[in-house]
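Just so it is clear, none of the values below were taken in a lab; they were calculated from the coordinates. A quick note: this is a predicted structure, and the numbers were derived from the prediction, not measured. No Cβ is skipped: glycine too gets one built from the backbone with ideal geometry, and neighbour counts run over all protein chains shown.
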2 protein chains.
Amino acid sequence: MSEIRKVTVLGAGVLGSQIAFQSAYKGFDITSYDISNEALDGARERFAGLGETYKRDVAGATEEAVREARERLTLTMDLEDSVANADLVVEAVPEILSLKQEIYGKIGAAAPSKTVFATNSSTLLPSDLKESTGRPDRFLALHFANQVWQFNTAEIMGTPDTDPAVFAAVVEFATEIGMVPIELHKEKAGYVLNSLLVPFLSSAAQLAAGGYADPEAVDKTWKIATGAPIGPFQIYDIIGLSTPYNIMANGDDEQQKLAVWLKENYIDKGKLGLASGEGFYRYS
Amino acid sequence: MSEIRKVTVLGAGVLGSQIAFQSAYKGFDITSYDISNEALDGARERFAGLGETYKRDVAGATEEAVREARERLTLTMDLEDSVANADLVVEAVPEILSLKQEIYGKIGAAAPSKTVFATNSSTLLPSDLKESTGRPDRFLALHFANQVWQFNTAEIMGTPDTDPAVFAAVVEFATEIGMVPIELHKEKAGYVLNSLLVPFLSSAAQLAAGGYADPEAVDKTWKIATGAPIGPFQIYDIIGLSTPYNIMANGDDEQQKLAVWLKENYIDKGKLGLASGEGFYRYS
C-alpha cells in the first residue's frame, strides 16, 4: 500500500487535537476537521496550548518545531473535502454510535479508495462500525491515551476483515508519530490498557468502599510491592474520577455499587481528581 | 500493654527466617523455632545467606551489623519453651489449618497471658484461627511479603475480637523492624496486596491466554500508561508462576482456565519465572 503522508483527524476535541498536533509535530500534513466555527476556534486554542505544553514538557520541542507543527495543520468544516486526498483518516468524534456511523457513511463515499479509516473509539469495537465505512478491509481502531506526548501508547486493533497490510501500515504510522504501537490480535473491549486498568481500579475501590483499607494504605502497598511510582488512587486522581465512574456505572452489579460509592463520596462533593484540586488526595 | 521486645518466630522457612532475621537486624531478641535439627540447619544456612544478602542489598548493613543480628537469634526445637517469655509470637508455619490450630493450642497453653500471637498466613483469615489461640483479644494477622528487606509491607489485620491496643502495639512493632504497616480495618482474604494483585495478574493473563495481545505488549502498555517500572508479566516472573497458579487453580471458572493456561504453556515446560531462568521472559 502507499505510504501514509496526508492525514485527516475528524474531531478536534481534547484527544483529536492532540492526535492532530502530535502527528503534525512529527512532520505529517494534517487536516483537522470539526463541525462549526466555534469548534474550530476551540481547536486553535488547543493547538496553541499544546504548543506551550510541548515546549515545556517535550524534550527538544523548540519554538521553531512547534511553529512548524502548527503550519502543517489545516482546519476545516468541510467533511467531504477534508478526506478527499487523505491517506489516513483518524476519527475522534464523540462516542455516539449513530453519529460515527453517519460520518463513516459520508467519508466512505467521499474518500478515495486508497484511504484508510481508523477509529479512536474507546468504548465501541471496530466491528460495530466497519459496515458503515463501506471498506471493512481498510478500517481498524487506532486508540490513543490522553496526553499523547507523554502516555504514548497507540493500541491498534482490527476486525477479521482488516487487511493485514493496512494493519501493518498503521503500526508503522503510529511509530512514525512517536507512539509505541500496541498490537491487538483480536478485538477486545477496553483494548489492553482498560482491560488491565478497570479491574485494577475496581479492586482498589472495593478495598476502600468496603472499609477494609484507606486509599493511602492501598497506594502504599502497591508502590512498595511493585516499585510503581503511583498507586491506584493516585491513578484515579490523574485520570479524573468521572471516566472510571462512567465505565463502572455501565458494569456489573458490583461495579455499579462502586460507581455509586465514587459518586456519593467524591464526585458529588466536587472531588473529581487532580484537575479539580482534590480527589482521593488534595493538590495545591 | 507492655512493649514488644522479645519475639518468637515459629517456622524458619523462607519467610519465617526473613522475619526473624529482619527483626534481629533491627535490634530485637529473636527466638526462631522449627521442628527438627534438619530444619534448624536449614535455618542457619538461611540466616547466613540473609547476612550476605543484607550486606549486598541493604544500605548500611555492615559486617558488624549482620553479625550482631545473628547473635540476637536463638534457634530451638522446643515449642513450649520458645514462647515462655515472648512478648510477641509470629507464626509462619505451613498453610495447613489443622497444623496451625494444633500449634496455637500448644502455645496458647504455654505462653504467658501477656503474649500476643500474630499469624503470617497468606490464605487463612485470623478468624479461622482465633478460637484455637485461647486468646482472641491478643491475636491478629501480621503478613509479610517475600524479601522483607526490600518489599517491606507488613499488613496488619485483626478480627472483631482483637484488642485495639494489641493492634496498635503490633503496628508499632512493624514500624520498629523497618516495615511499612498497612492497616486493615476488617478481615479481607488476600489482604490489600493480593486483593489488588490477583485481579491485576488475572486480567493480564486473560489478554495473553485469549490471544488478544502478547505479554510484551501488555507490559509495555502498563509501563507507559502508569509509569511503572515493570508490567504484569514481569511481576509474574519475579513472584514465580507457581504462586499465582495455586491461587487461580482455587478460584472461579475463569480463574481455573487461566491456571490451566499457565500450567500447560509455562509451568509444565519448566518456565517458572525469574528463579528458573525463564518465565514469560528469558533471563541470563
Seminar exercise, completed: Averaged over residues of A:82-95, the number of beta carbons from other chains lying within 10 Å of each residue's Cβ is 0
Exercise. Looking only at Cα atoms, what is the convex hull volume of the protein assembly as shown per residue, in Å³?
Worked result: 175
For this session: Specify the angular offset, from 0 to 90 degrees and rounded to the nearest 10, of the alpha carbon long axis of helix B:14-25 from the longest principal axis of the alpha carbons in chain B.
Result: 50
For this session: May I ask you to sort A:M248, A:M77, A:M157 by Cβ crowding, counting other Cβ atoms within 10 Å and putting the fewest first?
Result: A:M77, A:M248, A:M157
Exercise. How about region A:220-284: which chymotrypsin sites (Phe, Trp or Tyr not before Pro) there lie in a loop by DSSP and see at most 13 other Cβ atoms within 10 Å?
Worked result: A:Y283
For this session: Find every distance from the label point of A:N265 to the corresponding label point in the other copies (7 Å from Cα along Cα→Cβ) and write them in nm, one decimal, shortest first.
Result: 3.6
For this session: Note down the net charge around A:L207, summing +1 for each Lys or Arg and -1 for each Asp or Glu among other residues with Cβ under 14 Å from its Cβ.
Result: -3
Seminar exercise, completed: Computed, not fitted: 222 nm per-residue ellipticity of the protein assembly as shown from DSSP H runs ≥ 4 (each -39500 (n - 2.57)), nearest 500, equal to -15000 deg cm²/dmol
Exercise. Using the 10 angstrom Cβ neighbour count as an exposure proxy, how do A:R67, B:R135 rank, fewest first?
Worked result: A:R67, B:R135
Seminar exercise, completed: Reduced to Cα centres, the span from region B:159-236 to region B:55-111 in Å works out to 26
For this session: Calculate the spin-label point distance for B:N85 paired with A:K114, positioning each point 7 Å from the Cα along the beta-carbon direction, and give it in nanometres.
Result: 8.8
Seminar exercise, completed: Proxy exposure order for A:R46, A:R56 (fewest C-beta within 10 Å first) is A:R56, A:R46
Seminar exercise, completed: DSSP beta bridges in the protein assembly as shown: the antiparallel percent, rounded to 5, is 20
Exercise. Taking square-rooted eigenvalues a ≥ b ≥ c of the alpha carbon gyration tensor, is region B:1-73 rounded, prolate or oblate, where a/c under 1.5 means rounded and, failing that, a/b exceeding b/c means prolate?
Worked result: oblate
Exercise. Out of the DSSP beta bridges found with both residues in chain A, what percent are antiparallel (nearest 5)?
Worked result: 20
Problem set entry | Exposure rule at most 14 other beta-carbon atoms within 10 Å, DSSP loop GluC sites (Glu not before Pro): chain B longest free segment | B:96-284
For this session: Could you list, in their original order, any pairs among A:K186/A:K220; A:K106/A:K263; A:K257/B:K100; A:K188/B:K269; B:K6/B:K271 whose Cα atoms are separated by more than 31 Å?
Result: A:K186/A:K220; A:K106/A:K263; A:K257/B:K100; B:K6/B:K271
For this session: Starting at the first residue of region B:275-281, write each ³J(HN,Hα) from the Karplus equation 6.51 cos²θ - 1.76 cosθ + 1.60 with θ = phi - 60°, in whole Hz, x for Gly and Pro.
Result: 5, 8, x, 7, x, 6, 10
Exercise. Cβ under 15 Å from A:H143's Cβ, A:H143 left aside: what net charge do those residues give with Lys, Arg +1 and Asp, Glu -1?
Worked result: -2
For this session: Would you give the gap between the C-alpha center of region A:237-270 and the C-alpha center of region B:237-257, rounded to a whole Å?
Result: 29
Seminar exercise, completed: Between the Cα axis of helix B:97-110 and the main Cα principal axis of chain B, the angle (0 to 90°, nearest 10) is 20
For this session: In nm to one decimal, list the spacings between the B:N246 label point and its equivalents in the other copies, with label points set 7 Å along Cα to Cβ, shortest first.
Result: 4.3
Exercise. Can you pull the mean other chain C-beta count within 10 Å for peptide B:218-224?
Worked result: 6
Exercise. How far is B:L97 from the same spot in each other copy, in nm, shortest first, if each label point sits 7 Å from Cα toward Cβ?
Worked result: 4.7
Problem set entry | Charge sum, other residues only, whose C-beta stays under 15 Å from B:V180's C-beta, Lys/Arg counted +1 and Asp/Glu -1 | -4
For this session: Report the dimensions of chain A along its three principal axes from the alpha-carbon atoms, largest first, rounded to Å.
Result: 58, 44, 35
